[in-house]
Structure formats: structure tokens, C-alpha cells
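**Q** Below: one structure in C-alpha cells.
The values are calculated or read from the model by the stated rules, or taken from the named source; none is laboratory data. Computed from a prediction, not measured in an experiment: that's the story for all the values here. Here the Cβ positions follow ideal geometry from the backbone for every residue, glycine too, while neighbour counts run over all protein chains shown.
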Amino acid sequence: MGTADTANKDLTFSLAEKKPKVVFVLGGPGSGKGTQCAKIVQHFGYTHLSAGDLLRAEKNSGSENGIMIQNMMNEGKIVPSEVTIKLLQKAMVESGKDKFLIDGFPRNEENRAAFEAVTKIEPEFVLFFNCPEEELERRILNRNQGREDDNIETIRKRFKVFLESSLPVIEYYKAKGKVQEIDAAKPVEEVFEAVKVIFTPKVEESCWCR
Ligand SMILES: Nc1ncnc2c1ncn2[C@@H]1O[C@H](COP(=O)(O)OP(=O)(O)OP(=O)(O)O)[C@@H](O)[C@H]1O
Ligand SMILES: Nc1ccn([C@@H]2O[C@H](COP(=O)(O)O)[C@@H](O)[C@H]2O)c(=O)n1
Ligand SMILES: [Mg+2]
């Protein structure tokens with residue numbers, strides 16, 4: 001067995017031991033996943049891992065996959081799961097934490113099935129930020145963070161990929177009763193009020209009767 005295979009097995013083993021709590025955060029490009037994750041981190045102590053940010057960092061690190069990642073991102077396409085899952089596993093283990101918001105993953109059926117097969121982790125639930133395309137387009141074109149894929153041509157490709165490949169994943173988790181859907185077209189603070197309700201531990205009704 002090569003050193004890379006051994007390293008991957010070690011990552012898988014470390015994660016399986018920890019049994020981390022995972023929430024998948026999904027929604028169209030520009031729906032506010034990153035914005036709301038930052039707030040959830042502050043209020044509820046999760047660790048935020050954005051698959052897109054990890055891929056951008058990997059691309060910028062000069063890795064052997066750098067050119068492939070850049071080409072896929074510029075086309076709004078989804079990078080093979082093997083690459084993204086390794087980055088996620090490494091980030092989870094290296095963080096030393098056990099409560100994660102995994103933002104922008106799984107983006108397609110391949111991502112979903114491979115993550116489950118490799119890590120054996122089932123998400124606690126899926127947070128889905130639902131927002132109309134015109135609003136997504138407006139937000140991304142105003143984002144100004146220097147992202148190469150924030151141009152109208154790539155935005156439209158990303159939105160098409162979202163409809164064709166990512167929505168079916170959301171439907172898969174809906175059928176399992178795991179989706180918490182939020183109206184993400186509202187202002188940031190209003191969206192976060194709805195998010196807080198989901199993350200705030202529920203007080204059992206029976207507690208009030210005692
Ligand atoms: N509820 C909101 N109302 C208006 N603007 C918002 C809202 N939420 C986020 N934004 C703005 O929209 C832009 C996109 O937000 P953000 O980066 O959080 O989205 P994202 O879902 O992570 O996008 P991507 O999938 O492209 O990474 C940012 O400029 C952000 O400030
Ligand atoms: N699971 C994923 C997530 C992202 N990508 C690629 O990164 C781009 C940007 O993602 P954001 O979440 O930061 O918008 C995305 O368009 C994909 O090209 C991926 O391949 N797999
Ligand atoms: Mg983001």
C-alpha cells in the first residue's frame with residue numbers, strides 16, 4: 001500500500017473514532033451559505049468548512065490537482081469527490097473539533113454517496129437556503145471578493161449545475177425527513193432569526209408540566 005493510501009486510511013480511522021456531528025449546508029450559489037455559517041459559528045460553536053474554500057486553497061497551494069480544480073471551477077463543474085472528500089476529512093481531523101457545518105457539500109449524488117461510503121457519517125440534518133435565481137445573480141454580481149467564478153457566464157453555469165445535480169441531493173434528504181428549509185431571500189438578520197430557531201435546543205413540553 002502506498003503512503004497516500006495509508007494517510008487516507010488514517011484520516012478515515014481518526015474521524016470514525018470521533019463520530020463527529022455534521023450539518024450539511026446547501027443552497028444555490030450566492031444564497032448566503034457562507035454568511036449564515038459565520039453567524040452559526042459565533043452563536044452555536046460549530047466549525048465551518050466550506051468545500052469551495054477548501055478547493056480554492058488547494059488550487060492556490062500549487063497542488064498537482066490545481067489546474068484541474070481551476071478548470072472545473074471556471075466552468076462551474078463539480079470536482080471529483082475523491083479530491084473534495086480528502087480535503088474535508090483532513091480539515092475535520094486537523095481542526096480537532098467535533099461539530100461541523102459542511103458548506104456546499106454534497107453538491108451531487110456522487111459527492112453524497114462517496115462521503116457516506118468513505119466516512120460512514122450521516123448528517124444530523126441538511127440546512128437548505130432557498131432563494132430565487134434573480135436574487136442569487138444580483139448578490140453574486142455585487143459580492144466583490146475577487147472570485148474568478150463570479151461572472152455572469154459562470155454564474156449561469158453554476159445555477160444550472162445546482163438545479164440539475166444539487167437539488168436532487170436535497171430531494172434525497174427531504175425524503176428522509178432531514179431537510180430544514182429556510183427562505184433565504186429575506187435580509188441577512190431575518191434569515192438568521194429562522195436559522196436560530198433550528199439550532200436552538202428545544203425545551204421538552206413535559207418539562208413545563210413538572
Ligand atoms: N440575506 C441576504 N440578503 C442580501 N445579501 C446577502 C444575504 N446573504 C448574503 N448576502 C450577500 O450575498 C453574497 C453571497 O453570499 P455568500 O457568499 O454568503 O453566499 P454563498 O451561498 O456562500 O455563495 P457561494 O455558493 O457562491 O459560495 C455576499 O456578498 C453576501 O454579503
Ligand atoms: N462540493 C463541491 C463544492 C464546490 N465545488 C466547486 O467550487 C465552486 C465554488 O463553490 P462555492 O460553494 O464556494 O460556491 C463550485 O462552483 C464548484 O466548481 C465542487 O466542485 N464541489
Ligand atoms: Mg460560499
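**Q** Counting just the residues of the range 52-67 that are farther than 19 Å from GLY146 by Cβ and either among the charged types (D, E, K, R) or surrounded by 15 or more Cβ atoms within 10 Å (Cβ to Cβ) (or both), which one comes out nearest to ligand 1 (Cβ to nearest atom)?
**A** Among residues in the range 52-67 that are farther than 19 Å from GLY146 by Cβ and either among the charged types (D, E, K, R) or surrounded by 15 or more Cβ atoms within 10 Å (Cβ to Cβ) (or both), the one nearest to ligand 1 (Cβ to nearest atom) is ASN65.
**Q** Go through the range 20-43 and give me each residue that's without any contact (Cβ under 8 Å) to a residue 60 or more places away in the chain and away from ligand 3 (no atom under 16 Å from the Cβ).
**A** GLN42, the sole residue that qualifies.
**Q** Within the range 97-124, which residues are among the aromatic types (Phe, Trp, Tyr) and either within 19 Å of THR35 (Cα to Cα) or modelled with pLDDT under 95 (or both)? Break it down into steps so the answer makes sense when it comes.
**A** Initially, the range 97-124 is screened for residues among the aromatic types (Phe, Trp, Tyr), giving 100, 105, 115.
PHE100, PHE105 - these are the residues of the range 97-124 that are among the aromatic types (Phe, Trp, Tyr) and either within 19 Å of THR35 (Cα to Cα) or modelled with pLDDT under 95 (or both).
**Q** Can you list residue pairs whose Cβ atoms sit under 9 Å apart, with the first residue in the range 44-69 being farther than 30 Å from VAL197 by Cα and the second being in a strand (DSSP E or B) and within 11 Å of ligand 3 (Cβ to nearest atom)? Count only pairs 6 or more apart in sequence or on different chains.
**A** ARG56/SER50
**Q** Which residues, taken from the range 153-210, are modelled with pLDDT under 95 and not in a helix (DSSP H, G or I)? Explain how you work it out, then say what you get.
**A** Here is the first cut: in the range 153-210, the residues modelled with pLDDT under 95 are 201-210.
Answer for the range 153-210, where residues must be modelled with pLDDT under 95 and not in a helix (DSSP H, G or I): PRO201, LYS202, VAL203, GLU204, ARG210.
**Q** Can you pull out every residue in the range 173-200 that is under 17 Å from the mean Cα position of the chain (by Cα) and either among the charged types (D, E, K, R) or loosely packed, with under 13 Cβ neighbours inside 10 Å (or both)?
**A** Of everything in the range 173-200, those that are under 17 Å from the mean Cα position of the chain (by Cα) and either among the charged types (D, E, K, R) or loosely packed, with under 13 Cβ neighbours inside 10 Å (or both) turn out to be LYS174, LYS178, GLU181.
**Q** Then there is this: Could you tell me which of the residues ALA114, ALA194 is of a type in the set (A, V, I, L, M, F, W, C), in contact (Cβ under 8 Å) with a residue 12 or more places away in the chain and within 14 Å of ligand 2 (Cβ to nearest atom)?
**A** Matching residue, one of ALA114, ALA194: ALA114.
**Q** Mind checking which residues of the range 71-93 are over 14 Å from GLY104 (Cα atoms) and within 16 Å of ligand 1 (Cβ to nearest atom)?
**A** Selection gives MET72, ASN74, GLU75.
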